[in-house]
Amino acid sequence: MSRRTPQDRTRKRFARRQWARRWLTWRYLLAAFLLVGGIGFAVYGIFFSPWLRVEGAEVTGTSQLTDEDVLEAAEVPDGVPLARVDLDEIAERVDDLDTVRSVDVSRQWPHEIRIEVTERTPVAVVATPDGLTQLDAEGFRFGHLDEAPADLPRVEVGSGAESDALEEAALVVSSLTDEVAVLVDHVEVETVDEILLELRDGRRVRWGSAEQSEEKAEVLLTLLQHKAEIYDVSVPGMPTTR
């Protein structure tokens, strides 16, 4: 049996070091290949494959609108990869619905779009040439009604009233206390400063603008204890009756 010379041992150590260097290089290349391959696979799986495609949409927050109303407006694309759906476009289409005050659209992995709607809150009903519509606290008119709900006052707008007068009327209605609101049949609007309340028993209240509405309500409740046809609380510090 031949004995290994020092030269043989040196050559073997050199070969092992060379192999270790080559393996280190290939290991980095292999790791880079796996990383790039993994990223590519993830991109394909998320953005192009049928594995994470849209299979439906969930609507929340509706009471006046139906889910069908929202989905019809949303036009959620079915069968496309969920990651490629333009959420802003869906939100814009839903936001075009008059009854919608705000909307939030998000992805619900792996297969759904979530549409969270905040509806406008009606404070009164307004008669228009096209029928009855609702009024929110900001003076925005929305929706259509076949008949006026019993729990909402009616707002009648004079022919010369401008849009800011209607906004002021909405502020008046939304600021009425419960004790006053139940007495009101309808609200008449001529200008920003000429808003009248017609009570259910036929008596009338000159309210003026929406300023100091809380104080006006307190004064009115005191005045109503006295018999009169017209109560003027437009200047709550100096109320009058007739």
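The values are calculated or read from the model by the stated rules, or taken from the named source; none is laboratory data. All values derive from a computational prediction rather than experimental measurement. When we count neighbours, we look across all protein chains shown, and the Cβ atoms used for this are built from the backbone with ideal geometry, even at glycine. Surface areas here come from the heavy atoms of the whole protein model, side chains and all, with no ligands, DNA or RNA. Shrake-Rupley method; radii C 1.70, N 1.55, O 1.52, S 1.80 Å.
Select from region 184-194 the residues that are in contact (Cβ under 8 Å) with a residue 40 or more places away in the chain and more than 29 Å from the chain's Cα centre (by Cα) and list them in ascending order.
Result: Asp193, single match.
Have a look at Asp88, Asp98, Asp69 and point out the one that is on the phi < 0 side of the Ramachandran plot, assigned to a loop (DSSP other than H, G, I, E, B) and at pLDDT 90 or above.
When all the criteria are applied, what remains is Asp98.
For a quick check of your reading: which helices (runs of 4 or more DSSP H) sit entirely within region 139-242 and have at least 1 residues that are within 30 Å of Asp95 (Cβ to Cβ), open to solvent by less than 80 Å² (accessible area, probe 1.4 Å) and in contact with a Gly (Cβ under 8 Å, 6 or more places away or on another chain)?
Hits in region 139-242: 163-175.
Please name all residue pairs, on different chains or six or more residues apart, with Cβ atoms under 7 Å, provided the first residue is in region 58-80 and is of a type outside the set (Asp, Glu) and the second residue is open to solvent by 30 Å² or more (accessible area, probe 1.4 Å) and part of a loop (DSSP other than H, G, I, E, B).
Leu65/Leu97; Val70/Thr62; Ala73/Asp96; Ala73/Leu97
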